[in-house]
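Novice: What follows is a structure written as structure tokens; I'll ask about it next.
What follows draws every value from the coordinates through simple rules; no lab data is involved. As the structure is a prediction and not an experimental result, all values here were calculated from the model. Note: ideal-geometry Cβ built from the backbone for every residue, glycine included; neighbour counts use all protein chains shown.
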Amino acid sequence: MSDAEMPQEPPAEPGIPEGEPPEDRASSEMYRRVTGIGTSAGRAMVVPALAVLTALIIGAFIIAVTDVDTLSVWGDDPAEAFRLTVSGIFDAYRALLVGSVGSLDAISETLFAAAPMILAGLAVAVGFQAGLFNIGVNGQMHIGGMAALWVGFTFAIPAVFHVPLVIAAAIAGGALWAALAGFLKARTGAHEVITTIMLNFIALFLVDYLLKSSLFQAPGRNDPISQPANPTSVFVTLFSDYRLNIGFIVALLAVAFVWWLMYRTTIGFEFRAVGYSPSGGRYAGMSVAWVYVSVMAVSGALAGIAGANQVVGLEPYRGISNFAGNVGFDAIALALLGRSHPVGVLFAGLLFGGLRAGGREMQGAAGIPIDLVLVLQALIIVMIAAPELVRAIYRVKTPDQEITTVTSTGWGA
Amino acid sequence: MTLELRGITKQFPGVLANDDVNLSASEGEIVALLGENGAGKTTLMNILYGLYTPTAGEVIVDGKALVLESPADAIDAGIGMVHQHFMLVPVFTVAENVVLGDEPTKRMGWLDSRRAKKTVTDISGRYGLDVDPDAIVEDLPVGFQQRVEIIKVLAREARFLVFDEPTSVLTPPEVERFFEIVNGLKADGKGIIFISHKLGEALEIADRIVIMRRGKTVAEVNPRDVDEPKLAELMVGRPVDLVVNRTESDPGDVVLSVNDLTVLDDRGRNAVDRLSIEVRAGEIVGIAGVQGNGQTELVESLTGMRPSLGGVVRLKGLDVTSKSPRAIHNLDVAHVPEDRQKSGLVLQFTVTENIVLDSYHQAPISRGVRMDWGQATDRALRLVEEYDVRTPSTEVKVSTLSGGNQQKVIVAREFDRDVTLVIASQPTRGIDVGSIEYIHSRIVEERDAGAAVLIVSSELDEIMALSDRILVMYEGRVVAEFDGSASTTDIGLAMLGSRPDEEAS
């Protein structure tokens, strides 16, 4: 930062009053840059796009240096080693592309994998928009998923009614579980990062307990596994022969709903106002406590649907231990990559879905461990979280309005 | 021995903050740098202090051009800066603060606190600063904290001192004392640059006045040759009406009555202590006082932002004690908050969004939960026009507007209905003269339309210019009441807690 030539000086625009920004502005500025809230669409895409590109380049190096067979060739025949390395990288990325968009089946797999990610990503994004960091998507998915499952195997009604009822149960379960954290924050000031993480553990073990209880456990089983959901309750596939099911349609509807809620309703207006400035919201007569509780409820509802997708959208339509997997945590990455905008999250979800689907092909066809996909994801997140790094690499000008201050206290709360 | 800034130009993306600026200060000279907020004064000083690199131009000390890449370089060149916001560690002692960053050490790196104290005592004695090296900084009054900053600068052997808006935090008597100190520094041969937007002070203290406007130095004058209106005109670029035009007030019924109100501050102390006031329709009551004497908490309590511990607040006879901000807003109370950026606006929202910030939940801006952005935009366009908000569009973020225009957005939003009570806290803090003029006239218009107006300001000039009655707050109570024609001296004394009637006896 000592480099005086770096384009980071806060511009003394006529708009920005002289003197230093108040401290909470400085830290929320940092928060805003990381979450991307409040940046215009075109500008918001620059860093994520470059982050993905950079991750792929670094990923190529990783493919090169982890290819032990080729590494040993360097000493004997550098030219041949170079050729092998390049073709290795090429094969890997081609497999990634083929596996994600190379065929109808690949596209189906990509969209199938994207559905829960988009839903969970929206859950985190809604929180970010209102200044809350919901790390509890994992727990909310578990609770929502269990509610969906119970409705799924308890009732036997026509699918037209059963599936919506399953989704409603998932929404209720996820919303209540998340609202608990919102309520604790509003009432006692307990930080949502802490409470949602703790609620994740409670949900995880509650699921294990329930799966072994007579309420859920499959008859004749000793391990934690539930009875299967009735066929009328599961997410039907959209086309025969492909796994893609209505979960993806639900995710698309959720994107539209979140966009409408955040930008076209008084509720979204309150969410965003309180998210940018709690004291500004309070001054304007909004109930900050109500906003915290309802934002968490909306966020949890979306997470709950994602959880339902993991049981009634996935064969064998049963609940197992930790059925939400890592989706709830990948969701944080998704929301960051999508800059907390519903459409951004949609694209981020498609990208991550593609990486998932393509990763399997890459492992099968090119022999690259699927873990590389996780490495790529992680690299993307690092780049997103350090936008200055990306800007420095590609010499992108720092947007005018951003004040570079390193006095962040973290979550921007 | 001279300090000279020659041809300084600083280009930020899209903004030319400094454009060929020239400024110099010699040994034993006080130069005032006058300019409105946004004129480029702070940018210039940041260049002088090594925080920014100029696009063109140079800083010259004793005929030598310097490359200033950090504040350390500036300090080495003998340039010291006393910032508007003090850079002190509140829980450290005076001596610890003074040596911070340049600590005298004994063997093994132990702090030599004896030497640190001696530094403070020496400098304090030499300039008559009267500062105890062992005092904890947060226990000191603001005027003394400022002296600690001065000692800090002098301890690093500064030959040129830059003061950034030094009087904005001081009471009138403290300002007098501060001027004595500055004159003492001058007599000792220090070169002083005094940044201010207060005309009277520049006239009083400076040997030379340099005026900046829109990034350029537009004039350099001798204080003996000019008066305040002339300076204001140079600063703003057009003749300015410094006096608020208003007729005698015609007070009507009591609108706001506060009885024995007690409010706690964030630390749990009685910030407002059994305070009672009345404001009538058609009068402007000004609350003067040094900041931190409970004005903030009083206003927050009256507007529903902070609960009260005891006492009763009535609005037209209706008990509104500890009602919610929205309930009070719905009783036609307009509130211009103290901190426009923190409370009054959501900075990342557009002008339109900020215009409907308090009415978004009512028709016609929304129906049910659906926002009608067409209606919102119409209202924003109308108010931007009516209140002369200078903005390229209603869809730009309000943070891109100047302070004065931001404040006009708030005033437009709050005054755009039949208001029975106006509560305005620091309504013109840090904004340009043109906007001050405008906002003051709007406030008087509200009074003439029959609203009761309560103004809280730490700028005594503002209180004097607007108020029909002046109350002085000290340690959470009203200690004195004056009519609009009282003298600054009497009010100034009351601000320090002495009651004029007690002194007379």
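Novice: Could you run the Karplus curve 6.51 cos²θ - 1.76 cosθ + 1.60 with θ = phi - 60° over the stretch A:144-156 and give me ³J(HN,Hα) per residue in whole Hz, x for Gly and Pro?
Specialist: Those phi angles translate into x, x, 5, 4, 4, 4, 4, 4, x, 9, 7, 9, 9 Hz.
Novice: Looking only at other chains, what is the average number of their beta-carbon atoms within 10 angstrom of each beta-carbon in A:272-280?
Specialist: Values: counts 4, 7, 1, 2, 6, 10, 3, 8, 14.
Rounded to a whole number, the mean comes out at 6.
Novice: Compute, for the stretch B:140-253, the length of the dipole vector about the Cα centre, with Cβ point charges of +1 (Lys, Arg) and -1 (Asp, Glu) only. Units Debye, rounded to 20. Working shown, then result.
Specialist: Values: 16 positive and 20 negative charges, 153 e Å.
So the dipole magnitude of the stretch B:140-253 works out to roughly 740 debye.
Novice: While we're here: Taking just the alpha carbons, could you work out the radius of gyration and Dmax for the stretch B:106-147, both in angstroms?
Specialist: 12.1, 37
Novice: Sticking with this one: Give me the mean projected area, in nm² to one decimal, of the convex hull enclosing the Cα positions of the stretch A:24-394. Could the numbers behind the result be given before it?
Specialist: Numbers: hull surface 84.5 nm².
Convex hull of Cα atoms, orientation-averaged projection: 21.1 nm².
Novice: Can you give the translational diffusion coefficient of the protein assembly as shown in µm²/s, computed by Stokes-Einstein from the Kirkwood radius over Cα pairs at 25 °C and 0.890 mPa s?
Specialist: So the translational diffusion coefficient is about 78 µm²/s.
Novice: How large are Rg and Dmax for the stretch A:274-360 when calculated on the C-alpha trace, in angstrom?
Specialist: Spelled out, the Cα radius of gyration and Dmax of the stretch A:274-360 are 16.7, 52 Å.
Novice: What FRET efficiency comes out for the pair B:ARG214/A:LEU104, r = Cβ-Cβ distance, R0 = 51 Å, nearest 0.05? Walk me through the numbers on the way to the answer.
Specialist: On the way: r = 63 Å, r/R0 = 1.23.
After rounding, the FRET efficiency stands at 0.25.
Novice: Related question: Taking the Cβ of B:ARG246 as the centre, find all other residues whose Cβ is under 10 Å away and add up their charges (Lys, Arg: +1; Asp, Glu: -1). Don't skip to the answer; put the middle values down first.
Specialist: Working: positive: B:ARG447; negative: B:GLU248, B:GLU445, B:ASP448, B:ASP468.
Neighbour charge sum, excluding B:ARG246 itself: -3.
Novice: Something else about it: So, in nm, how far is label B:ALA327 from label B:GLU180 when the simple model puts each one 7 Å beyond its Cα toward the Cβ?
Specialist: 5.1 nm
Novice: If you don't mind, there's one more thing I want to ask. Could you give the spread of the C-alpha atoms of the stretch A:193-246 along their three principal axes, from largest to smallest, in whole angstroms?
Specialist: Computed over the Cα atoms, the extents are 42, 36, 15 Å.
Novice: Applying 1/(1 + (r/R0)^6) with R0 = 22 Å to the Cβ-Cβ distance of B:GLU386 and B:VAL243, what FRET efficiency is obtained, to the nearest 0.05? If you can, show how the numbers build up before the last one.
Specialist: On the way: r = 24 Å, r/R0 = 1.11.
Once rounded, the FRET efficiency stands at 0.35.
Novice: Another one. Over the stretch A:44-138, what lengths in whole Å, largest first, do the semi-axes of the equivalent ellipsoid take, defined as the square roots of 5 times the eigenvalues of the alpha-carbon gyration tensor? Each step should come with its number before you reach the end.
Specialist: Details: eigenvalues 268, 65, 27 Å².
Semi-axes (√(5λ), whole Å): 37, 18, 12.
Novice: Moving to a separate point now. If we count every other residue with Cβ under 13 angstrom of A:THR85's Cβ, Lys/Arg +1 and Asp/Glu -1, where does the sum land? Don't skip to the end; give the middle numbers.
Specialist: Values: positive: A:ARG83; negative: A:ASP67, A:ASP69, A:ASP77, A:GLU80, A:ASP91.
Cβ neighbours under 13 Å give a net charge of -4.
Novice: Enter the mean projected area of the convex hull around the alpha-carbon atoms of chain B, in nm², rounded to one decimal. Kindly include the intermediate steps, with their values, before the conclusion.
Specialist: Details: hull surface 107.6 nm².
Taking the Cα atoms of chain B, their convex hull projects to 26.9 nm² on average.
Novice: Sum up the charges of everything whose Cβ sits under 13 Å from the Cβ of B:GLU176, counting Lys and Arg as +1 and Asp and Glu as -1, but leave B:GLU176 out. Write down the numbers at each step before the final one.
Specialist: On the way: positive: B:ARG177; negative: B:GLU174, B:GLU180, B:GLU201, B:GLU204.
With Lys, Arg at +1 and Asp, Glu at -1, the net is -3.
Novice: Compactness ratio of the stretch B:159-281: Cα Rg over 2.2 N^0.38 Å, N = residue count?
Specialist: On the way: Rg = 21.0 Å, N = 123, 2.2 N^0.38 = 13.7 Å.
Dividing the Cα radius of gyration by 2.2 N^0.38 Å gives 1.54.
Novice: Can I ask one more? Please state the equivalent ellipsoid semi-axes for the stretch B:291-382: what are the square roots of 5 times the Cα gyration tensor eigenvalues, largest first, in whole Å?
Specialist: Working: eigenvalues 163, 58, 18 Å².
Taking √(5λ) for each eigenvalue gives 29, 17, 10 Å, largest first.
Novice: On full extension of the chain, what length is gained from B:GLU459 through B:ARG114, given 0.36 nm per residue of separation minus the C-alpha to C-alpha distance?
Specialist: Once the chain is fully extended between B:GLU459 and B:ARG114, it gains 120.1 nm.
Novice: Per-residue ellipticity at 222 nm for chain B, helices alone: DSSP H runs ≥ 4 residues times -39500 (n - 2.57), over residue total, nearest 500 deg cm²/dmol?
Specialist: Working: 17 runs with 161 residues, N = 505.
So the helix-based figure for chain B works out to -9000 deg cm²/dmol.
Novice: Express the Stokes-Einstein translational diffusion coefficient of the stretch A:108-223 in µm² s⁻¹, to the nearest whole number, given a Kirkwood radius over alpha-carbon pairs, 10 °C and a viscosity of 1.306 mPa s.
Specialist: 103 µm²/s
Novice: A further question follows. How large is the convex hull of the C-alpha atoms of the stretch A:224-278 per residue, in Å³?
Specialist: Numbers: hull volume 9.1 nm³, N = 55.
Hull volume normalised by residue count: 165 Å³.
Novice: Still on this model: To two decimal places, what compactness ratio does the stretch B:2-236 give when its Cα radius of gyration is scaled by 2.2 N^0.38 Å?
Specialist: Numbers: Rg = 17.9 Å, N = 235, 2.2 N^0.38 = 17.5 Å.
So the stretch B:2-236 has a normalised radius of gyration of 1.02.
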